[in-house]
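Can you read through this structure? Questions will come right after.
We did not get these values from a lab; they are worked out from the coordinates using the rules stated. Since the structure is predicted, the reported quantities are computational estimates derived from the model, not experimental observations. Here Cβ is always computed from backbone atoms with ideal geometry, including for glycine, and neighbour counts include all displayed protein chains.
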Amino acid sequence: MISHPSRHCTVELQALPSRIGQVRRIVSAQLRYWHLDPLIDRAALGVTELLTNVHRHAQPDKTCTVEMELVVDRLTVSVHDHDPRLPVVDDAEPLATCGRGLAMVAAVSESWGARPDGESGKVVWFTLPTPVSAPARPLRRTVAEKPAHRFAEVEVTADDLRPAHAPARSAVAG
């Protein structure tokens, strides 16, 4: 469900690997709609890491809500789940295959945090600064009207009914 697409977007899901990719595509599409293309990579990485944490750690279930809110000069992306345990940032060993997600979120965002959400749940969020003036999508350029090139006239010789040499031209105008 996407609500209030002009400034706010909410997606409810089960944090399963197949759904995480789908949410990443939704986040990317929403940022394109808001003309915030420069934020897509960082927002997609951040939401992927937060949803992966829900998938790996949240109990009792993997149900969560991803929310994006655009306020003047800042995009806030948050993930609400039903596990009241707040995340803990540990130093990952150099060869560890996990444990760097929140460090990556911190590295790509302006700020991030976690807070309890009612009796049973939490919200983990990050913010990204928006460009000073969000660039508008370029309008489609109209092709300047040009006369269409005609095919070359072909001269037929009487002796063998073969065409004489004609220069090659594109059949496409322009």
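List the residues, sorted by chain then number, that are 5 or more residues from E110 or on another chain and whose placed amide H is less than 5 Å from its amide H.
T127, L128
In nm, to one decimal, how far is the modelled label at M104 from the one at T63, with both set 7 Å along Cα→Cβ?
So the label points at M104 and T63 sit 2.8 nm apart.
Taking θ as phi - 60°, what are the ³J(HN,Hα) couplings along the range 77-89 by the Karplus curve (6.51, -1.76, 1.60), each to the nearest whole Hz, with x for Gly and Pro?
10, 9, 10, 9, 9, 9, 9, x, 6, 6, x, 10, 8
From the square roots a ≥ b ≥ c of the eigenvalues of the alpha-carbon gyration tensor of the range 26-130, which class results: rounded (a/c under 1.5), prolate (a/b over b/c), or oblate?
Details: a/c = 1.90, a/b = 1.31, b/c = 1.45.
Here the range 26-130 falls in the oblate category.
I'd like the FRET efficiency for L16 and L95, computed as 1/(1 + (r/R0)^6) with the beta carbon distance as r and R0 of 22 Å, rounded to 0.05.
On the way: r = 27 Å, r/R0 = 1.25.
Plugging the Cβ-Cβ distance into 1/(1 + (r/R0)^6) gives 0.20.
Something else about it: Report, by chain and number, residues whose modeled amide H sits under 5 Å from the one on D117, excluding near sequence neighbours (fewer than 5 apart, same chain).
For D117, the qualifying residues are K122, V123.
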